[in-house]
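One structure is given here, and the rest of the page talks about it.
Here, each number is a calculation from the coordinates, and none is a lab measurement. What you are looking at is a predicted structure, and each value in this text was computed from that prediction instead of being measured. Glycine gets a Cβ as well: all are built from the backbone with ideal geometry, and neighbour counts include every protein chain shown.
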Amino acid sequence: MTADWRTMASAEDFSVDGSSVGVTLQDGRKHCVEVSKQANELVLSAFVVKQSVVSSLPELPLEIWKRNRSASLVGFRIDKKNRLIAECRIPTHGLTSEEFQFYMRTIAVEADRLEFLLTGRDQE
């Protein structure tokens, strides 16, 4: 990778705080994305809904599976704490700032959209 992800996250709609980036969406909503480096990739993850929402929707695992079948950039999973998480993996070789920012905005939008569909609110 030619540059650190924090450098690539320098955009007006991003605010970096440690290992997370607050992404301000076009409609004024915001979503937080965690960034972690693993081997030759960056892993972006964003909280969608908490355990109580996941538990209250028994069909959610099947719906998430269906959604993931048609997605190619952002996937969703239920983590060990029974929370719904959006995830995106980016190969670091040759990664540019523009590509990194595209991935960040995409995961933030997708996580925020699903959060709103499931709760009707902007919690994150």
Could you give the radius of gyration (one decimal) and Dmax (whole number) of the Cα atoms in the range 10-66, in Å?
14.7, 40
Give the span of the chain's Cα atoms along each principal axis, as three whole-Å numbers ordered largest to smallest.
44, 30, 24
From DSSP H assignment alone, runs of 4+ in the chain each adding -39500 (n - 2.57), the sum over residues rounded to the nearest 500 puts [θ] at 222 nm at -10500 deg cm²/dmol
Between R121 and E34, take the C-beta separation as r, use R0 = 30 Å, and let me know the FRET efficiency to the nearest 0.05.
0.90
